[in-house]
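In what follows, a single structure is set out as structure tokens and then discussed.
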Amino acid sequence: MMKSVPIKIAEIQVPMKFKGLLDPVKAAALAEDILANGQKTPIQVRRDEKTKRYVLVAGLHRLEAVRSLGESTIDALIVAARKF
């Protein structure tokens, strides 16, 4: 079983493929739930060795919800994913 690790939000790059997919209402509702119950599901990121940053694979709304709460880190799974 994979274990989530805290990752600095500032080190996560959101790819262009996610542009325009963010639903602010959904992110706000998730922020309220995370505030009340904690982050239940980690986001998924892959490591970009060229930039030494993480690239978001899944969890755009969770990332934005945690960012809106003023957190500096987020629980994440580091996965092996292809670049698109």
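What follows draws every value from the coordinates through simple rules; no lab data is involved. As the structure is a prediction and not an experimental result, all values here were calculated from the model. Every residue, glycine as well, gets a Cβ built from its backbone with ideal geometry; the counts of neighbours run over all protein chains shown.
Taking loop as defined by DSSP and a crowding limit of 13 other beta carbons within 10 Å, which trypsin sites (Lys or Arg not before Pro) in the stretch 3-69 fit? Kindly include the intermediate steps, with their values, before the conclusion.
Details: sites: Lys3, Lys8, Lys17, Lys19, Lys26, Lys40, Arg46, Arg47, Lys50, Lys52, Arg53, Arg62, Arg67; in loops: Lys3, Lys19, Lys40, Lys50, Lys52.
Loop-located and lightly packed - Lys3, Lys19, Lys40, Lys50, Lys52.
Among all the lysines, which ones have a C-alpha under 28 Å from Lys50's C-alpha, if same-chain residues fewer than 8 places away are not counted?
Lys3, Lys8, Lys17, Lys19, Lys83
Please list, in order along the stretch 49-54, the HN-Hα scalar couplings obtained from phi with the Karplus expression 6.51 cos²θ - 1.76 cosθ + 1.60 (θ = phi - 60°), rounded to whole Hz, x for Gly and Pro.
Whole-Hz 3J(HN,Hα) from phi for the stretch 49-54: 5, 5, 9, 6, 10, 9.
With +1 on each Lys and Arg Cβ and -1 on each Asp and Glu Cβ, and nothing else charged, work out how big the dipole of the chain is about its Cα centre, in Debye to the nearest 20. List each step's numbers first, then the result.
Values: 15 positive and 9 negative charges, 106 e Å.
For this selection, approximately 500 debye.
Quick check on the chain: what does the Kirkwood estimate of hydrodynamic radius come out to from the alpha carbon pairs, in Å? Write out the running numbers ahead of the final one.
Values: mean 1/r = 0.0765 Å⁻¹.
After inverting the mean inverse Cα-Cα distance, the result is 13.1 Å.
Divide by every residue of the chain the summed helix terms, -39500 (n - 2.57) for each DSSP H run of at least 4, and state the resulting mean residue ellipticity at 222 nm, rounded to the nearest 500 deg cm²/dmol. Write out the running numbers ahead of the final one.
On the way: 2 runs with 23 residues, N = 84.
Value at 222 nm, helices only, nearest 500: -8500 deg cm²/dmol.
Residues with beta-carbon under 13 Å from that of Leu22, excluding Leu22: net charge, scoring Lys, Arg +1 and Asp, Glu -1? Present the calculation step by step, with values, prior to reporting the outcome.
Values: positive: Lys17, Lys19, Lys26, Arg62, Arg67; negative: Asp23, Glu64.
Charge balance near Leu22 sits at +3.
Report the calculated FRET efficiency for Lys26 and Ser4 (r = Cβ-Cβ distance, R0 = 25 Å), to the nearest 0.05.
FRET efficiency, Lys26 to Ser4: 0.70.
With a cut-off of 8 Å between alpha carbons and a minimum separation of six or more residues, what is the relative contact order of the chain in percent?
Values: 119 pairs, mean separation 37.1, N = 84.
This gives 44 percent for the chain.
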